[in-house]
Amino acid sequence: MIEPASPETVAEDLGKLIGLPFDDSDETIREAIEQASVPALLMSMVHMTGDLTLLDELPGPFMLIAMDLQGGMSEPDKRVVRDRAFEVVRDYRDRGCPPPLLPASDEIRRMLDVITAGAVTDDYVDFIAADLRFTDSDQRGPLLASTSAQRAEFPVVVIGCGEAGLLAGIKLKQAGIPFTIVEKQDGPGGTWRANRYPGCRVDIPNQFYAYSFEPTDHWTHLYSEQPEILEYLTDVMDRHDIGPDVRFDTTVTEARWDDGAGVWRVTVRCADGGTETLAARALICAVGQFANPVVPNIKGANDFAGEVYLTAAWPDGVDLTGRRVAVIGAGATGFQLVPAIADAAAHVDVYQRTPQWMAPNPNYHTPVGPGAQWAIRHLPFYGRWVRFVSWFPLLDALDEQVRIDPAWDDGGLSCNQANQAIRELFIAWMKAFTDDEDLLAKVTPGYPPMGKRTLQDDGTWLRTLQRDDVELVTGPVTEITADGVTGADGVHRPADVLIWATGFDVNHQLGPIRVHGIDGVELGAAWGDEPYAYLGVTVPGFPNLFCMYGPGTNAVNGASIIYNSECQMRHIIACIDMVLAHGAGSAMPRADVTAEYHRTNQERLATMVYTHPKVVSYYQNSTGAVPTLFGSRIVDYWGWTNRADPADYDLRT
């Protein structure tokens, strides 16, 4: 049952999330409408008028399509809606921008039926309503049973100040729980501070790759570049005044659970090289899965005499002008890097071990116009609906395409009939940019689509590979010498600069940090290369330890890490509240509950394309399992993490 948001919450969020009042000119309104997402605009018109009959009178989306904000609508249909919207928005302005309609349950159901062409099932309605900010459930989190005095005596240490650690600080502060964030870099941002290579950008729509409680009218691209994302995270830190509680240039080296005292003792190495031990009732590990870059062990790598760069630790001031550059790795990072450096470099050799599937996305480098920003800033609920249009076609919508059909056999090129259709679509997209059969053979994967994270492409990759000063070299690198790289073809290609774009070790996310639980058991050793956690958050034998972006939480196709982090943080707050409200000292998940959760997730993943025998990815461990991935629906994860069930936990005094 959907419970409406409180009037206080609506008033509080009206300005920054739901829409600021406006008195702008007709010209400004017209520009905004012309740049708007028509499906989202149609919904906003209902909020402005309170008239749901508009949904019967006006054309609606044919279906919501990934990477398309227009819902597959024809140009004539979009024109009809835009023209009517101009009248509605002007009238709303002239009426002084009164409070917009906050739809009731039946009205929400009707609006969702129209915008998705009937694709929303009943089990998604509460989930969607919360993200649209029609209800309080996401932003207020679990109702707290503990007292403010109890929470004030429950200090927490958070490792990492990326998107997850920053979020942890914000939510702990709102709950009145004292905290210290320890960050090894000199500022916030995590992977977005470390990965500053040319071309670095997000591959999830920015309306969804953003905190649900922060405005999204400022993004300058549909898929923003690294500097803007880093600036966003810094601004969020400042706006919530989290900085005073962060210790930058400080590295956690070890954390030990003191069972007698019921605290974590966290050893840190300070900026001056000295060490210090912090005490905390709880420890939140927010290092994520992209903290430990991998450099492959290639013969002669240490012999290279030129400049060497790692994309995950990109320094300032790199100048590639007129240089011969060897880029090792053509996955998500190389895919972004190479087009961005090709103009400056004299020549770029791209060493590709395995080709990646690329999804057609004409909007991948598209800027957001001032009219579209204005619409998000002012039109009631429009920004929330644009966010919905951005994520709904991706989230949980691809289950059919990624399921392995045991009876399907096309030599491992796809995993079922629907997956084969995606393969044909992706190949047709590539053929739109080249008729070079040799190049197509090099860039077409021999495994099913969706088996790895699908890259976003607007044609830039293939156009770059067809430049005279860029060469794609396939197969493993066999040797690196002082002056170049030898590929699998036996050809030695000279290089002045070597760039490693070779991914991360996601199955050992703790890296050099040693975390010791009950009886001194070390977490990395307990995990091996198959990490596990209940809901990806808590681990048996490690009281009051909470992971963010932990094992089994990476929804590899379409989900937003930030959204998942918000789910995890609600569960963490619920767990802390559960401990305090029950008068306990700590909580850890029951071993049987955790084992069942992990088993169920892995069994589901074993039926999905990520574990297909033709797929080899860095998500896989030594046995071919994918313990870092999430195999269920995000709507279920949202429900599971909204509370903490004492029956799932051992509450310890």
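Of all positions in segment 526-536, none carries a residue that is within 20 Å of ARG265 (Cβ to Cβ) and either touching a helix residue (DSSP H, G or I) at 6+ places or on another chain (Cβ under 9 Å) or of a type in the set (D, E, K, R) (or both).
Among residues of segment 592-604 that are more than 15 Å from VAL539 (Cα to Cα), those with a Cβ under 9 angstrom from a residue that is surrounded by fewer than 18 Cβ atoms within 10 Å (Cβ to Cβ) and of a type outside the set (D, E, K, R), sequence gap 6+ or separate chain, pair up as THR600/SER632; ASN601/SER632; ARG604/SER632.
The condition of being surrounded by 18 or more Cβ atoms within 10 Å (Cβ to Cβ) and aliphatic (A, V, I, L, M) holds for only one of VAL521, VAL491, VAL537, that being VAL537. For segment 515-525, the candidate set comprises residues that are in contact (Cβ under 8 Å) with a residue 24 or more places away in the chain and in contact with a helix residue (DSSP H, G or I) (Cβ under 7 Å, 6 or more places away or on another chain); within that set, the residue that is nearest to THR628 (Cα to Cα) is VAL515. Among the residues of segment 295-318, none qualifies, meaning not one is crowded, with 20+ Cβ neighbours inside 10 Å, at pLDDT below 95 and not hydrophobic (A, V, I, L, M, F, W, C).
The number of residues in segment 56-84 that are more than 31 Å from the chain's Cα centre (by Cα) and open to solvent by less than 10 Å² (accessible area, probe 1.4 Å) comes to 1. Looking only at residues in segment 607-648 that are in a loop (DSSP other than H, G, I, E, B), touching a Gly at 6+ places or on another chain (Cβ under 6 Å) and not aromatic (Phe, Trp, Tyr), the one that is most open to solvent (accessible area, probe 1.4 Å) is LYS614. Within the span defined as segment 342-352, one or more residues are farther than 30 Å from ILE108 by Cβ, surrounded by fewer than 19 Cβ atoms within 10 Å (Cβ to Cβ), out of contact with any strand residue (DSSP E or B) (no Cβ under 7 Å at 6 or more places or on another chain) and without any contact (Cβ under 8 Å) to a residue 24 or more places away in the chain. Hey, can you tell me all the residues within segment 232-253 that are open to solvent by 50 Å² or more (accessible area, probe 1.4 Å), on the phi < 0 side of the Ramachandran plot and not hydrophobic (A, V, I, L, M, F, W, C)? Selection gives ASP235, ASP238, ARG239, PRO244, ASP245, ARG247.
Identify all residues within segment 152-166 that are crowded, with 24+ Cβ neighbours inside 10 Å, in contact with a strand residue (DSSP E or B) (Cβ under 9 Å, 6 or more places away or on another chain) and part of a loop (DSSP other than H, G, I, E, B); write none if there are none. Matches in segment 152-166: GLY160, CYS161. Residues that are more than 25 Å from the chain's Cα centre (by Cα), at pLDDT 95 or above and of a type in the set (Val, Ile, Thr) number at least 1 in the following helices (runs of 4 or more DSSP H) confined to segment 517-606: 561-581, 591-605.
For segment 197-223, the tally of residues that are under 17 Å from the mean Cα position of the chain (by Cα) and either within 28 Å of ALA344 (Cα to Cα) or surrounded by 22 or more Cβ atoms within 10 Å (Cβ to Cβ) (or both) stands at 16. Looking across segment 354-382, the residues that are under 25 Å from ASP457 (Cα atoms), open to solvent by 20 Å² or more (accessible area, probe 1.4 Å) and part of a helix (DSSP H, G or I) come down to PRO370, GLN373. Being hydrophobic (A, V, I, L, M, F, W, C) and not in a helix (DSSP H, G or I) is the filter here; which residues of segment 167-192 pass it? Within segment 167-192, ILE177, PHE179, ILE181, VAL182 meet the criteria. Those helices (runs of 4 or more DSSP H) of segment 105-148 in which 3 or more residues are farther than 25 Å from PRO215 by Cα occupy 105-115. Of all residue pairs spaced 6 or more apart or on separate chains, those with beta-carbon atoms under 8 Å, a first member in segment 471-482 that is touching a residue at least 24 places away in the same chain (Cβ under 8 Å) and closer than 20 Å to GLU307 by Cβ and a second member that is hydrophobic (A, V, I, L, M, F, W, C) and in a strand (DSSP E or B) are GLU471/VAL348; GLU471/VAL350; VAL473/VAL350; VAL477/ILE328; VAL477/VAL485; GLU479/VAL485; ILE480/LEU498.
Per the listing TYR211, TYR232, the residue uniquely assigned to a helix (DSSP H, G or I), farther than 30 Å from ALA482 by Cβ and among the hydroxyl-bearing types (Ser, Thr, Tyr) is TYR232. Does at least one position in segment 369-391 carry a residue that is modelled with pLDDT under 95, over 30 Å from ILE480 (Cβ atoms) and of a type outside the set (Gly, Ala, Ser)? Yes; the residues of segment 369-391 include at least one that is modelled with pLDDT under 95, over 30 Å from ILE480 (Cβ atoms) and of a type outside the set (Gly, Ala, Ser). Quick check on THR474: is it open to solvent by 20 Å² or more (accessible area, probe 1.4 Å), of a type in the set (S, T, N, Q) and within 23 Å of ASP410 (Cβ to Cβ)? Spelling it out, THR474 is indeed open to solvent by 20 Å² or more (accessible area, probe 1.4 Å), of a type in the set (S, T, N, Q) and within 23 Å of ASP410 (Cβ to Cβ).
Table: residues versus (1) modelled with pLDDT of 95 or more; (2) open to solvent by 50 Å² or more (accessible area, probe 1.4 Å).
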position: VAL402; (1), (2): no, no
position: PHE433; (1), (2): yes, yes
position: LEU439; (1), (2): yes, no
position: GLY459; (1), (2): yes, no
position: ILE480; (1), (2): yes, no
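Going by the conditions given, is ARG387 touching a residue at least 12 places away in the same chain (Cβ under 8 Å), in a helix (DSSP H, G or I), open to solvent by less than 40 Å² (accessible area, probe 1.4 Å) and within 30 Å of THR607 (Cβ to Cβ)? So ARG387 fails the test.
The values are calculated or read from the model by the stated rules, or taken from the named source; none is laboratory data. Given the structure is predicted, the values throughout are model-derived calculations rather than measurements. Positions of Cβ are backbone-derived with ideal geometry, glycine not excepted, and every protein chain shown enters the neighbour counts. The accessibility values were calculated without ligands, DNA or RNA, using every heavy atom of the protein model including side chains. Shrake-Rupley method; radii C 1.70, N 1.55, O 1.52, S 1.80 Å.
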